[in-house]
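J.: Have a look at this one.
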Amino acid sequence: MCGIFGLIQRSGDVAPTILEGLSRLEYRGYDSTGVATIDNGILKIRKDAGKIKDVADRLHIAEMKGSIGIGHTRWATHGAPNMINAHPHTDQHGKIAVIHNGVIENFLELKQELLDKGHNFVSKTDTEVIPHLIEEEMKGEVGLAEATLRSLRRIKGSYAVCVLSSLEPNKIVCARLESPLVLGVSDGATYCASDAPAIRPYTNKVVYLRNGELATIDVNGYKIVKVADGSVVERAPEEITWSIEMAEKQDFPHYMLKEIYEQPISLRNSLRLQEKYMDLLTAFLDRGKEVFLVSAGTSQHSCIAGSYIFSQIARLTTYPVVSSEFVERYGSTVGIDSIILAVSQSGETYDTLKAVDHSRMRAATVLGLTNTVGSTLTRVSRAYLIQQSGPEIGVAATKTFTAQVLVLAQLALRLAKLRGKLSQDELDEYGANLHKIPDLVETVLETTHERVKEIAAREKDSRLFLFLGRGISSATAMEGRLKLLEITYVPSLAYPAGESKHGPISIIEKDTSCVFVCPRGETHAEIIGSIMEMKARGARIISICEEEDTSIIGLSDEVIEMPKSIPELLSPVPYIVPLQLLAYELAILKKLDPDKPRNLAKSVTVP
Ligand code: F6R
């Protein structure tokens, strides 16, 4: 996720307004900042790694001249956060500048094609191919908008882009596909930005661009066309009525809820991983004598889910280990044949990095999965993948869990293919199911939230929760329990359901709240047995199961019904969503701030 802001106005310098706009978009990314303006017909760029204010002060960005400009705040996906990789990126002659939010899946092919034509690239980003493609198209004597249109037709992936060029200095060309972009119009100035709150202080008239649309903006307004065929789209501006305060969280009262709702988008991005790095990680995983999945908190729960997928799909045994226990438990045996796949949203968790350091000293191969390009984990890993879920501001990790599970599931699929463990039909079916997950999560958000609110109202005074699941659903149960614990402080336990009779059952009394995660699949019959055990002891049964699953529904006091046909092995992704919502709604009913849980920090960088 990145933030983009562009502005053209009749007179006066735009740089101070661009900086203001970017600061309202900082929640979308904050590892690098850059601004381009056209000053006396010449394209000028100032950019560097760092937060907006620091970079702006250091490079005196507010003093840049020009009444047209674009600005970017970055959350790296390709290439470390440094000056060279910061946006805007330019063509070879410094005449076309581009800022971008999204992921270009086929950038390596496009880059190779451009290299063959003699282009030089300076950055490691996917974005840099865009100005070069536009430059090539403009050689054919077409204008900036048409050249951008033609270039975008060649791009696979997602984008919101703004293009500024000294060759046509009175316009900004912008377009979107899956990443958001909104225009703002006022008398004598036209804006474009990643979201409306960035524009709201200057105008309440906005135009939301739709997927596959390109707009050319100038001081008099805008013209929209479809990228696919260039046909003109008529759309009048709409008035926004909400305030800036409401807007920062995009109308959501808390970042946690906003991030829960962002999951369909973040998951689509998590499906856009670079083939080359996936292959590299897969090859390492295949080679290891033993594979440890090392992580903490939510990331550990993703790893537990991942371990089921690796063994069932790719026939690879993996050991999920809590980072803080790794050195004592396996430190003296880990060695040259061991693979450590460290999973960490921040890439900075102290315990995880300590386990990684120890493993490197013993010549083990360290692989990484993180959300943070340029984090310590990316620097110390032999190879790494980025989960691509954008900045997560809520302390309670939500989109992290779903993204990490989806990435691990993709790795397992690739490994299964490499090892010949699945037939072509099975591979195709599994791949197709993976791609359905973002839509399923969207449906789950639409269909379960109201139901979860009703359940939360009835469970508000419950003093103890037990979360149970079988097989891979035990990971979902653990993560659901962690969410509840972190933000409501209600004592709760999570167990693989089969283990509950070896101890936890002793705490069950009349009305103890028991949450069962019960997707259809191999564990279905056994979970029914576990529900009956708890019900017989007076527990209140809250089940998350497939719609019309009468055997579960008949035994439960409360039911959250999920869409049909979700394969059990991928169920943690959609099935965690109602549990995230349950924790959130209970926190609200208890008048607690879910974004600021007590005693917790987003990234634990201390021993
Ligand atoms: C849970 C949570 C923490 C983190 C843990 C690991 O909601 O946010 O438990 O999951 O601190 O953090 P990363 O993934 O950054 O290593």
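J.: Quickly rank 302-312, 3-13 as a protection proxy: mean count of other C-beta atoms within 10 Å, highest first.
T.: The densest-packed peptide leads the list: 302-312, 3-13.
J.: Antiparallel as a % of all DSSP beta bridges within the chain, to the nearest 5?
T.: Rounded to the nearest five, the antiparallel share is 60 percent.
J.: Let me ask something else about it. Would you please give the FRET efficiency between ALA228 and LYS139, computed as 1/(1 + (r/R0)^6) with r the Cβ-Cβ distance and R0 = 22 Å, to the nearest 0.05?
T.: E between ALA228 and LYS139, to the nearest 0.05, is 0.45.
J.: I would also like to ask the following. Which lysines, on any chain, are close to LYS223 with Cα under 20 Å apart, when same-chain ones fewer than 8 places away are left out?
T.: LYS171, LYS205
J.: Based on Cβ point charges of +1 for Lys and Arg and -1 for Asp and Glu, what charge dipole magnitude is obtained for the range 3-248 about its Cα centre, in debye rounded to the nearest 20?
T.: Around 80 debye, computed over the range 3-248.
J.: If you don't mind, there's one more thing I want to ask. So what's the projected area for the range 3-248, the Cα convex hull averaged over all directions, in nm²? Walk me through the numbers before you get to the answer.
T.: Numbers: hull surface 46.9 nm².
Value for the range 3-248: 11.7 nm².
J.: Show me the GluC sites (Glu not before Pro) within the range 216-318 that DSSP assigns to loop and that have at most 14 other Cβ atoms within 10 Å of their Cβ.
T.: GLU234
J.: At a Förster distance of 45 Å, what's the computed FRET efficiency of PHE252 paired with LYS501, Cβ-Cβ distance as r, to 0.05?
T.: Values: r = 41 Å, r/R0 = 0.90.
Result of the calculation: an efficiency of 0.65.
J.: Using DSSP to call loops (not H, G, I, E or B), can you name the trypsin sites (Lys or Arg not before Pro) in the range 54-161 whose Cβ has at most 11 other Cβ atoms within 10 angstrom?
T.: LYS117, LYS139
J.: Rounding to the nearest 10 and keeping the result within 0 to 90°, find how far the Cα-based axis of helix 524-536 lies from the longest principal axis of the chain.
T.: 60 degrees
J.: Per the Cauchy relation, a quarter of the hull surface: what is the mean projected area of the convex hull of the alpha carbons in the chain, in nm²?
T.: Convex hull of Cα atoms, orientation-averaged projection: 27.9 nm².
J.: Just how large is the dipole of the chain about the Cα centre, in debye to the nearest 20, putting +1 at every Lys and Arg Cβ and -1 at every Asp and Glu Cβ?
T.: Roughly 1080 debye, rounded to the nearest 20.
J.: If you don't mind, there's one more thing I want to ask. In degrees between 0 and 90, to the nearest 10, how far off the longest principal axis of the chain does helix 129-138 point, with axes built from Cα atoms?
T.: It works out to around 30 degrees.
J.: Under a point spin-label approximation (7 Å from Cα along Cα-to-Cβ), what is the ASP357-ILE42 distance to one decimal in nm?
T.: 4.8 nm
J.: Further, regarding this structure: Calculate the spin-label point distance for GLN92 paired with GLU446, positioning each point 7 Å from the Cα along the beta-carbon direction, and give it in nanometres.
T.: About 4.8 nm separates the two model spin labels.
J.: Here's a follow-up. Quick one: accessible surface of GLU509, probe radius 1.4 Å, all protein chains present, in square angstrom to the nearest 10.
T.: Estimated to the nearest 10 Å², GLU509 gives 120 Å².
J.: Hand me the trypsin sites (Lys or Arg not before Pro) from the range 293-389 located in a DSSP loop with no more than 16 other Cβ atoms within 10 Å, in residue order please.
T.: Listed in order of number, the matching sites are ARG315, ARG362, ARG382.
J.: Using the structure shown, select from LYS417/LYS501; LYS249/LYS453; LYS111/LYS249; LYS51/LYS117 the pairs with a Cα to Cα distance greater than 32 angstrom.
T.: Those over the limit are LYS417/LYS501; LYS111/LYS249; LYS51/LYS117.
J.: What accessible area per residue, rounded to a whole number of Å², is obtained for the chain using a probe radius of 1.4 Å?
T.: 38 Å²
J.: Turning to a different aspect of this structure: Output needed: percent of Cα pairs per 10 Å distance bin for the range 249-362, bins running from 0 to the one holding the longest distance.
T.: Going out from 0 Å in 10 Å bins, the range 249-362 shows 13, 37, 34, 13, 4, 0 percent.
J.: Tell me what the chain gives for mean residue ellipticity at 222 nm when only DSSP H runs of n ≥ 4 count, each as -39,500 (n - 2.57), the sum divided by the residue total, rounded to 500 deg cm²/dmol.
T.: When only DSSP H runs of four or more count, the value is -12000 deg cm²/dmol.
J.: Leaving out ligands, DNA and RNA, and with a 1.4 Å probe, what % of the accessible surface on the chain is carbon or sulfur?
T.: Values: 11460 of 23350 Å².
It is 49 percent, rounded to a whole number.
J.: In the range 264-589, with Lys and Arg counted as +1 and Asp and Glu as -1 at Cβ, which of these residues, ALA525, THR476, SER346, has the Cα nearest the positive end of the dipole, that is, farthest along it?
T.: The residue sitting farthest along the positive end of the dipole is SER346.
J.: What are the extents of the Cα atoms of the range 439-533 along their three principal axes, in Å, largest first?
T.: Over the range 439-533, Cα extents along the principal axes are 37, 33, 22 Å.
J.: Related question: How high is the FRET efficiency from LYS436 to ALA283, r the C-beta distance, R0 22 Å, rounded to 0.05?
T.: About 0.20, to the nearest 0.05.
J.: Still on this structure, please answer the following. Would you mind putting 194-203, 549-558 in packing order, based on average other-beta-carbon counts within 10 Å, highest first?
T.: 194-203, 549-558
J.: Another one. Mind checking the angle between helix 399-419 and the chain's longest principal axis? C-alpha axes, 0 to 90 degrees, to the nearest 10.
T.: With both axes taken from Cα atoms, the answer is about 80 degrees.
J.: Continuing with the same structure: So which lysines can LYS421 reach, going by Cα to Cα under 17 Å and dropping same-chain residues fewer than 8 places off?
T.: Answer for LYS421, where 17 Å is the Cα cut-off: none of the lysines qualify.
J.: Is there a quick way to get the dipole size of the range 199-351? I mean about its Cα centre, with the Cβ of Lys and Arg at +1 and of Asp and Glu at -1; what is the value in debye to the nearest 20?
T.: Details: 15 positive and 20 negative charges, 73 e Å.
Once rounded to the nearest 20, the dipole reads 360 debye.
The values are calculated or read from the model by the stated rules, or taken from the named source; none is laboratory data. The structure displayed is predicted, hence computed values, not measured ones. Ideal geometry is used to build each Cβ from the backbone, glycine not excepted, and the neighbour counts take in all protein chains shown. With ligands, DNA and RNA removed, areas are computed over all heavy atoms of the protein, side chains included. Shrake-Rupley method; radii C 1.70, N 1.55, O 1.52, S 1.80 Å.
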